[in-house]
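Before any comments, here is the structure.
Just so you know, all these numbers are worked out from the coordinates, no wet-lab data involved. Keep in mind that this is a model prediction, so the values were computed, not measured. Every residue, glycine among them, receives a Cβ derived from its backbone with ideal geometry; neighbour counts consider all protein chains shown.
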Amino acid sequence: MDLVTPDVGLLFWTVISFFVLLFLLRKFAWKPIVGTVNDRETSIREALESAEKARLEMQNLTADNERILKEARVERETMLKEAREIKAKMISDAKDEAQTQANKMIEQAQIAIASEKKSAMAELKNHVAGLSVDIAEKMVREELSNKDKQLKLVENMLGEAKLN
Amino acid sequence: MQINTFKTLLLGLLLSLSFVVKANESIEEKSDEKDFNVTDMIMHHIKDAHDFHIMDWDGHAISFPLPVILWTNDGLVTFMSSEFHHNDDGTIVVEKGGQKFIKFHEEIYYANDEADHGSYVSFDPEHHPTNVAPLDFSITKLVFSMFMSMILLLLIFGFSARAYNRSENGVPTGIAKFTEPLIVFIRDEVAIPNIGEKHYKRFLPFLLTLFFFIWINNIMGLIPFFPFSGNLSGNIAFTGVLALITFIITTFVANKDYWKHIFWMPGVPVPMKLFLAPIEFMGIFIKPISLMIRLFANISAGHIIVLSLISLIFIAKSIWIAPASVIFSVFISVIEVLVVAIQAYIFTMLTALYIGSAMEEHEHEH
Amino acid sequence: MSLALLQEAVSYVPFAAIGAGLAAIGAGIGIGKIGGSAMEAMARQPEMQGKLQGSAIVLIAFVEAVALFAVVVSLIAK
């Protein structure tokens with residue numbers, strides 16, 4: 001029974017001690033300690049957040065770089081393709097030009113050859129005609145200078161010119 | 001971890017050895033009475049005292065006198081407890097301010113005018129003194145150890161707070177390395193989960209003070225030599241005050257929902273409401289009373305068990321029982337080191353829980 | 001046996017101690033059940049260990065309080 005009967009004195013001193021302790025510790029211990037711990041936690045959280053932000057930014061930057069690189073690659077590709085096309089076109093154009101030129105030249109040459117040939121043939125014909133007249137003249141002269149021969153010829157001719 | 005266990009065991013061993021020494025001293029004192037009364041010895045140890053008994057030497061008690069402060073019919077009277085010359089059965093009268101006082105079983109009474117068999121106390125049939133007692137505000141052994149614990153707490157946490165000032169980036173140094181995890185534990189495991197993120201800041205200083213005050217007093221009670229060894233947290237007045245503070249806070253911060261849940265429980269039929277109201281109403285008082293009794297009984301029980309185990313030697317009147325006695329009391333002391341921490345935690349935890357339940361906001365109607 | 005003798009005999013029975021002992025049995029069973037269930041739950045969900053430990057300790061405190069009430073009643077009745 002004694003054990004569970006509180007003493008007035010101890011009650012009184014406990015109340016006083018507890019509140020004095022609460023006041024002193026609150027002012028000189030809990031406030032600075034909990035404040036510092038909270039501040040530290042806030043700063044750690046902020047640091048982590050900013051690190052995360054930086055990481056995201058870095059990621060964005062890398063993504064940007066990659067995109068730019070990709071675009072550049074595509075551009076280069078198209079440029080190369082265009083250049084190749086232009087080259088091919090130029091070559092084919094040149095070829096065509098050359099072809100037509102050549103064709104034209106060949107044609108002209110043919111025309112020239114034909115006309116030359118014609119004139120050459122005409123000249124040759126004239127020349128041959130003159131030559132043959134000369135030859136014929138000389139032969140006729142020769143043939144006709146001898147009587148026998150004239151007769152023989154007449155005969156031959158007559159023989160040939162049998163009534164057919 | 002292993003080193004810790006070893007240290008704890010060593011500490012426990014030292015503690016219980018000191019208990020042996022202490023118990024030995026007690027037997028010497030009583031040896032002239034021939035009969036060693038275990039219950040009396042234990043009760044004497046558990047209860048408060050007006051002087052701080054350090055040890056007995058050569059048959060004389062050596063003790064630390066403490067001031068006696070009495071609020072009598074004629075005002076305040078103070079004197080040192082040494083004026084009673086260790087007398088505890090009401091045979092020595094101290095006369096101060098025209099009034100006569102005697103001390104009987106660590107209570108101070110007005111002395112009778114005439115001595116009866118040398119004693120100035122008169123008794124009722126159940127052997128309780130019938131003398132009138134003045135209001136006793138003495139600095140007793142327990143009040144003294146409470147002041148000790150206050151000074152210790154102020155030193156520990158004052159230095160902890162200083163330790164933060166020294167380091168520029170808020171990293172704990174020195175003793176703060178030890179105290180910070182405890183403070184953070186109370187904040188993160190006790191205050192925030194039970195009271196909630198919104199209100200916990202208001203009660204954190206109270207909870208921290210409560211936890212460390214109880215814990216340090218528990219620990220000081222386990223140390224069995226002079227400036228410690230008071231059974232303060234095993235005294236119902238101490239636990240009663242702490243429980244009363246919890247009760248007052250709970251009652252004052254309680255919101256409408258809390259009272260509604262007590263007197264008119266929503267969501268149950270009317271007969272049930274009528275049935276629940278008195279139970280819930282009693283619960284308001286039973287909660288702090290259970291807090292008070294839990295701490296008081298646990299700590300007292302710890303002291304009683306350790307002392308009983310030591311007393312086995314004197315009950316059996318044989319030295320051969322001593323090894324078993326020592327081993328068991330070491331074991332119990334080690335468990336007590338754990339129990340006192342758990343009890344401080346539970347007291348704080350339940351206080352936070354009660355405060356939290358008083359402030360809880362129910363978003364939905366049941 | 002006379003009534004007076006019986007009364008004398010009864011007065012020696014430590015009823016308060018018996019009451020405290022009975023309360024201890026009850027609390028023992030209660031705490032044992034809480035401890036057992038807590039261990040089982042921890043074994044089933046080791047990641048919840050911290051939470052389970054905390055609530056087990058609080059629950060044990062509640063059960064223990066009942067036994068301590070009985071002890072205090074015994075102290076008063078003595």
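Structure values in brief
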| quantity | calculated |
| --- | --- |
| Most to least packed among B:60-68, B:317-325, A:98-106 [average Cβ atoms within 10 Å] | B:60-68, B:317-325, A:98-106 |
| Residue-wise HN-Hα coupling along the stretch A:102-114, computed from phi with Karplus coefficients 6.51, -1.76, 1.60 (Hz; x: Gly, Pro) | 4, 4, 4, 4, 4, 4, 4, 4, 5, 4, 4, 4, 4 |
| 10 Å Cβ neighbours from other chains, averaged over peptide B:137-143 | 4 |
| Residues whose placed amide H lies under 5 Å from that of residue B:99, excluding near-sequence neighbours | none |
| The stretch B:114-250: relative contact order as a whole-number percent, Cα under 8 Å and 6+ apart | 19 |
| Most fluctuating residue given options B:276, B:142, B:353, as computed from a GNM of chain B linking Cα atoms under 10 Å | B:276 |
| Radius 10 Å from Cβ of residue B:66, net charge of other residues (Lys, Arg +1; Asp, Glu -1) | 0 |
| For residues of C:68-76, the mean tally of beta carbons on other chains within 10 Å | 5 |
| C-alpha long axis of helix B:236-253 to longest principal axis of chain B, angle in ° | 20 |
| Stokes-Einstein D in µm²/s, Kirkwood radius over Cα pairs - the stretch C:13-76 at 20 °C with 1.002 mPa s viscosity | 168 |
| Sorted largest first, extent of the protein assembly as shown alpha carbons per principal axis (Å) | 224, 62, 56 |
| Ordering of A:89-97, B:304-312 by burial proxy (mean other Cβ atoms within 10 Å per residue, highest first) | B:304-312, A:89-97 |
| Gap separating the Cα centres of the stretch B:39-86 and the stretch C:1-52, nearest whole Å | 37 |
| Peptide-level mean, for B:285-298, of C-beta atoms on other protein chains within 10 Å | 4 |
| Dimensionless Rg ratio for the stretch B:324-366, taking C-alpha atoms and the 2.2 N^0.38 Å reference | 2.05 |
| With eigenvalues of the C-alpha gyration tensor scaled by 5 and rooted, the stretch A:112-156, Å | 36, 9, 4 |
| Distant alpha-carbon pairs in chain B (separation over 27 angstrom), percent | 60 |
| Rule-of-thumb Rg ratio for the stretch A:41-135 [Cα; 2.2 N^0.38 Å; N residues] | 3.22 |
| C-alpha center-to-center spacing [the stretch B:153-188, the stretch B:197-225] in angstrom | 15 |
| Farthest toward positive dipole pole in the protein assembly as shown [+1 Lys/Arg, -1 Asp/Glu at C-beta], among A:74, B:148, B:286 | A:74 |
| Size of charge dipole - the stretch B:63-139 - debye, nearest 20, with Cβ of Lys, Arg +1 and Asp, Glu -1, no other charges | 300 |
| Neighbourhood charge, 11 Å Cβ-Cβ cut-off, centred on residue B:180 and excluding it, Lys, Arg +1 and Asp, Glu -1 | +3 |
| For residue B:80, residues with placed amide H under 5 Å, excluding near neighbours | B:68 |
| Within a Gaussian network of chain B (alpha carbon springs, distance under 10 Å), most fluctuating of B:90, B:302, B:98 | B:98 |
| Under 15 Å, Cβ to Cβ, from residue B:75 - net charge with Lys/Arg +1 and Asp/Glu -1 | -1 |
| The stretch B:208-366: projected area of the alpha-carbon convex hull, averaged over directions, in nm² | 12.3 |
| Amide H within-cut-off set for residue B:55, under 5 Å, with H built and near neighbours excluded | B:62 |
| Among B:350, A:51, B:80 the positive-end extreme of the charge dipole of the protein assembly as shown (Cβ point charges) | A:51 |
| Principal-axis tilt of helix A:8-25 within chain A, Cα atoms, nearest 10 degrees | 30 |
| Relative contact order of the stretch B:219-278, defined on C-alpha pairs under 8 angstrom at six or more residues apart (%) | 16 |
| Label-point separation in nm, residue B:133 to residue B:82, each point 7 Å along Cα→Cβ | 2.6 |
| Dipole-positive endmost among B:211, B:340, B:174 within chain B (Cβ charges, Cα centre) | B:174 |
| Contact order relative to length of chain B, as percent, for alpha carbon pairs under 8 angstrom and 6 or more apart | 19 |
| Lysine pair number, Cα distance threshold 29 Å (strictly under), the stretch B:160-290, separation 8 or more or different chains | 13 |
| Rounded to 10°, Cα long-axis angle of helix C:15-44 versus longest principal axis of chain C | 10 |
| Within straight-line cross-link reach of residue A:138, lysines at Cα separation under 24 Å, skipping those fewer than 8 residues along the same chain | A:125, A:147, A:149, A:152 |
| Ordering of B:188-196, B:36-44 by packing [mean C-beta count within 10 Å, highest first] | B:188-196, B:36-44 |
